[in-house]
Amino acid sequence: MRSHAVDAMILDDCEILAYFTGYETTLNLYRACIAPREGRPVMVLRALDAEPFRSQSWFQDHEAFADGDDPIEKLAAALRTRGFDAAAIGFDSGSHALSVAGYERLRALLPDARFVPMYRVPWELRLVKSPAEIARIRRAAELLDQALREIIPTISPGVTARDVAATTSRRLIELGADPAHLGYIAAARGWNFLHAQREDAPLAAGDVLHLELVSRYRGYEARLMRCVALGPINAERRAAAKLLVELQDAQIAAMKPGAAAHDVDAILRNGVLAAGLRESYPNVTGYTLGYYSRVPIRSSDFTRCFLPSAEWRLEAGMVFHMYTSARGVSFSETVLVTDEGAEQLTKLDRRVFSPPRA
């Protein structure tokens, strides 16, 4: 706020509210936290949500409104009563919560205030994880590894992707994971199967099942992609898997503090294209992992992505989901950048699995 010369900032995205205040809620009605540069913050929210806020947040100051009230008017009133009606007020211009109509109405209600865009600033502040945050991501990764070690041997012809999803979700929760978005489970064909929808048709001999799974522990996520072959693995797929693992190993080894993101990206991307495993590579090769709200707007955090155009540099404490796919094979890892280099937090064997019963 000092660097942007603002007196207060509005925090309102689901994940951002959860991360900075400890309180999580939906966007059914607009709500926001006013964070002053000096002094304690105040939450503006529905009266119905006041008690959950008090029980979850590290601060208690709040302004509650009835469901029939205008939330933007209540936010403007709270800013006005705290002396910010003619102040410089920061806001995330990339927020999913503050609509164009809401922003224009807020400006009209506070005509003497100066609104300062602070695009993605709250998201940037979450990039480097504390030891406590890393411990939670590490635990999420352990739960994911354990669940998959138990689930993969049970996959066989005749089961459906829905069956696998139900069993995996139940087991993760039993192990201690938060109930959350599970990820994607679908037949693997080509390279662009990663976000395919689940099919209810039984799996048949010869199918390859793609598992892109999410484990969340106390809000922090780990992710892992593996493939399960229901039958013999043909030579083409076996060769593709071997090369993808080698390229990804080289990419992860390059993930050191100070490394340029585009250089790390190029190791995998250029290697896959040079080997002819894919005709094109339009997607990122990795993205940010960390805290996710229970009611997120999006399932992935692209605050930092690995792309040919990525100019940012890696820092110790950053955590990423690094992934690749080609020829019906997919692999990914949850990777922590440490002072000494990269550490894989997910540790399940990176290979195409073939359960005994398949």
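The values are calculated or read from the model by the stated rules, or taken from the named source; none is laboratory data. A quick note: this is a predicted structure, and the numbers were derived from the prediction, not measured. Note that each Cβ is placed from the backbone with ideal geometry, even for glycine, and that neighbours are counted across all protein chains shown. Each accessible area value is taken on the protein alone, full model and side chains, heavy atoms only, with ligands, DNA and RNA left out. Shrake-Rupley method; radii C 1.70, N 1.55, O 1.52, S 1.80 Å.
A few notes on this one:
- Filter result for Leu110 (closer than 18 Å to Leu45 by Cβ, open to solvent by less than 80 Å² (accessible area, probe 1.4 Å), in contact with a helix residue (DSSP H, G or I) (Cβ under 8 Å, 6 or more places away or on another chain) and free of Cβ contacts under 8 Å to residues at least 40 places away in the same chain): no
- Within segment 212-259, tally of residues that are surrounded by 21 or more Cβ atoms within 10 Å (Cβ to Cβ) and over 26 Å from the mean Cα position of the chain (by Cα): 3
- Only one entry in Ser95, Ser169, Ser99 is more than 20 Å from the chain's Cα centre (by Cα), open to solvent by less than 70 Å² (accessible area, probe 1.4 Å) and of a type in the set (Gly, Ala, Ser), namely Ser99.
- Criterion applied to Gly317, Gly276 was being closer than 30 Å to Gly22 by Cα, modelled with pLDDT of 95 or more and part of a loop (DSSP other than H, G, I, E, B), and the one residue passing it is Gly317.
- The lone criterion from (1) free of Cβ contacts under 8 Å to residues at least 12 places away in the same chain; (2) in a loop (DSSP other than H, G, I, E, B) left unmet by Asp263 is number (2).
- Sole residue being aromatic (Phe, Trp, Tyr), touching a Gly at 6+ places or on another chain (Cβ under 7 Å) and open to solvent by 10 Å² or more (accessible area, probe 1.4 Å), chosen from Tyr281, Tyr291: Tyr291
- Members of segment 42-84 found to be touching a Gly at 6+ places or on another chain (Cβ under 9 Å), over 24 Å from Ser99 (Cβ atoms), in a loop (DSSP other than H, G, I, E, B) and open to solvent by 20 Å² or more (accessible area, probe 1.4 Å), listed by number: Trp58
- Segment 227-260, subset modelled with pLDDT of 95 or more and of a type in the set (Asp, Glu), residue farthest from Leu273 (Cα to Cα): Asp249
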